[in-house]
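**Student:** This is the structure, below, for whatever I ask next.
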Amino acid sequence: MATTTFWHSLWRTKPVDQIVSEGGDGEGGGLKRSMGLLALTFFSVGATLGTGIFVVMGEATPLAGPAVVLAFLLSAVTALFSALSYAELAGTIPVSGSSYSYTYATMGELVAWVCGWCLLLEYGVSVSAVAVGWGQYLNDFLDKAFGFTIPDAFSQAPDKGGIVNLTAVFIVMAMTFLLLRGASESAKVNTFMVFFKLALLIFFCAVAFTGFESGNLKPFMPLGMAGVSAAASQVFFSYIGFDAASTAGEEAKNPKRDLPLAIIISLAIVTIMYVLVALASVGAMPWQELNGDTEASLSAILTDVTGQTWPALLLSAGAVIAITSVVLTVLYGQTRILFAMSRDGLIPKIFQKVNPKTSAPTANTLIVGCAVAFLAALVPLDQLTEATSIGTLFAFALVNIGVMVLRRTKPDLPRSFKTPLYPLTPILGVFFCLYVMKGLRGVTWLVFIAWTVVGLAFYFGYSRRNSRLLRQDKELT
């Protein structure tokens, strides 16, 4: 009987009604519903549209040539399958836990824990890496604007010749203290930053298209479809972040309507901007010259077309602001996922304590901010950042499976949005996630497996014994 109970507890799902009814039920108060559709959409855009356009395109263009434009479209279609599944579950289960909560409702506690543990890798390590990149872009801006840079000792990690990366620590802690003021204040700042970077990228396209030469697009696919596929695998990771709105389920004013819309609209905005920037770039500059440092290449395009340096300076400033919004929104998502896991008893209660004045999980935010700042300041992140991709894809695959499970187990559950072409869409979502995961390096799989083993040890050592759902089961028996 004990064995049966143990096995049952691992796969026991949490009822959707219970998950939704507990929404905002944190120690010291609940989260405040303060975000409308615009704020939610821009949270996802802010988390997605940043390092991708300034870094990934320079790595992908040499693989595909001018057809890098197709690579962005192919990656968008791949992301769309998972985005539609996220939209359905976000409208059905509008809580803070994102794919962790969706998995808890469909596949049980153990799978939900593994999913949540992967999200910690995705959000925590990725924002540390982004913070490191922010310091590099800040130095580029300072060099162009004022002719000086922050010394490597304080702007690089020890593995890159620095002592401590203070620029990375600064941006992480600055965004941490902004989050402590509450989700509403953070959303306002993020909305401003997203408007700025969208306007800047539109400005870039408008200028670059004046220097457009159709000859730069010939041959359009010099490396064949294989090159486009290789570039698409590289580019896919610049779409990660569209799910950020789903972590704000308990702070949305009208979550059942706005969460699905925010996820789909944000993916559409990001795709349009990526395709326009890519097309303008390969049209204005021979694709062989667009490699390595994308931001430098985009700056060169502006300088060549206008004959002036100020547009390039403006672009550098835009890169700094673009990456700032990524740090803010990803930190936010991390704290809300931890909030949901803490409420379920799977991690310590301190992560669900909410400040009654700001409606922000104060201790949670400070712990996450300090941990991320430590990683960004001292730890080599080259291999770990790639590991964030595999964690993300694993979570995406689970969400697609979750849609199919919930359709079968709860067919009559009210859904504000339904994934079209069901079940083809979620099946394709799982397939594409597994396909991209298959192409990742062996060392990435080793890091992922090691991280999962550590997570399982924590689950069986702490989380299962403190599970709120397990306590409820024992009370009923």
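Every read-out reported here was derived from the displayed coordinates using simple, explicitly stated rules and does not represent laboratory data. Computed from a predicted model, the values in this text were never measured in an experiment. So basically every Cβ, Gly included, is an ideal-geometry build from the backbone, and we count neighbours across all protein chains shown.
**Student:** Between helix 424-438 and the chain, what is the angle of the helix's C-alpha long axis to the longest principal axis, kept within 0 to 90° and rounded to the nearest 10?
**Tutor:** The angle comes out near 70 degrees.
**Student:** Just grab the label-to-label distance for T5 and K188, each label 7 Å out from Cα along the Cβ direction, in nm (one decimal).
**Tutor:** Calculated label separation equals 5.3 nm.
**Student:** Once you have a ≥ b ≥ c as the square roots of the Cα gyration tensor eigenvalues for region 64-152, tell me rounded if a/c is under 1.5, and otherwise prolate or oblate according to whether a/b is larger than b/c.
**Tutor:** Details: a/c = 3.26, a/b = 1.68, b/c = 1.94.
Because a/c hits 1.5 or more and a/b fails to exceed b/c, region 64-152 counts as oblate.
**Student:** Could I ask something else about it? Can you compute the FRET efficiency between I163 and T409 using 1/(1 + (r/R0)^6), with r the Cβ-Cβ distance and R0 = 51 Å? Round to the nearest 0.05.
**Tutor:** Values: r = 55 Å, r/R0 = 1.07.
FRET efficiency, I163 to T409: 0.40.
**Student:** In whole Å, how far is the Cα centre of region 117-185 from that of region 235-302?
**Tutor:** Centre-to-centre distance over Cα atoms comes out at 21 Å.
**Student:** Return an integer: the convex hull volume of the alpha-carbon atoms of region 114-249, in Å³ per residue.
**Tutor:** Values: hull volume 28.2 nm³, N = 136.
In region 114-249, the Cα hull volume divided by residue count equals 207 Å³.
**Student:** Now, a different point. Check the straight Cα-Cα distances from K418 and name the lysines below 25 Å, setting aside those fewer than 8 residues away within the same chain.
**Tutor:** K14, K253, K256, K410
**Student:** So, one more: Can you list the residues, at least 5 places off or on another chain, whose amide H is less than 5 Å from the amide H of N355, using H built in the peptide plane?
**Tutor:** Result for N355 returns A360, T362.
**Student:** Further question on the same structure: If you add up the charges near A395, with Lys and Arg at +1 and Asp and Glu at -1, over every other residue whose beta carbon is less than 9 angstrom from its beta carbon, what do you get?
**Tutor:** Values: positive: none; negative: E122, D243.
Surrounding charge for A395 is -2.
**Student:** Continuing with this model, one more query. Ranked highest first by the average count of other Cβ atoms within 10 Å around their residues, in what order do 448-461, 425-438, 111-124, 86-99 fall? Let's see the in-between values first.
**Tutor:** Values: 448-461: 14.3, 425-438: 18.9, 111-124: 24.4, 86-99: 28.3.
Descending mean neighbour count gives 86-99, 111-124, 425-438, 448-461.
**Student:** Rank L378, T388, M437 by how far each Cα sits towards the positive end of the charge dipole of region 365-458 (+1 on Lys, Arg Cβ; -1 on Asp, Glu Cβ) and give me just the farthest.
**Tutor:** Working it through, the farthest residue towards the positive pole turns out to be M437.
**Student:** Still on this structure: If you count, for each residue, the other Cβ atoms within 10 Å and average over each peptide, how do 193-201, 391-399, 215-223 line up from highest to lowest?
**Tutor:** Working: 193-201: 19.4, 391-399: 25.3, 215-223: 13.4.
The most tightly packed comes first, giving 391-399, 193-201, 215-223.
**Student:** Go through 362-374, 301-313 and give me the packing order, highest mean Cβ count within 10 Å leading.
**Tutor:** Numbers: 362-374: 20.1, 301-313: 15.9.
Descending mean neighbour count gives 362-374, 301-313.
**Student:** If contacts are Cα pairs under 8 angstrom and at least 6 residues apart, what is the relative contact order of the chain in percent?
**Tutor:** RCO, the chain: 32 percent.
**Student:** Per residue and in Å³, how big is the convex hull formed by the alpha-carbon atoms of region 25-472?
**Tutor:** Numbers: hull volume 58.9 nm³, N = 448.
It comes to 132 Å³ per residue, whole-number rounded.
**Student:** Hey, another quick one. Let me spell out the model: positive unit charges on the Cβ of Lys and Arg, negative unit charges on the Cβ of Asp and Glu, origin at the Cα centre of the chain. What dipole size does that give, in debye rounded to 20?
**Tutor:** On the way: 30 positive and 28 negative charges, 312 e Å.
Magnitude of the dipole: close to 1500 debye.
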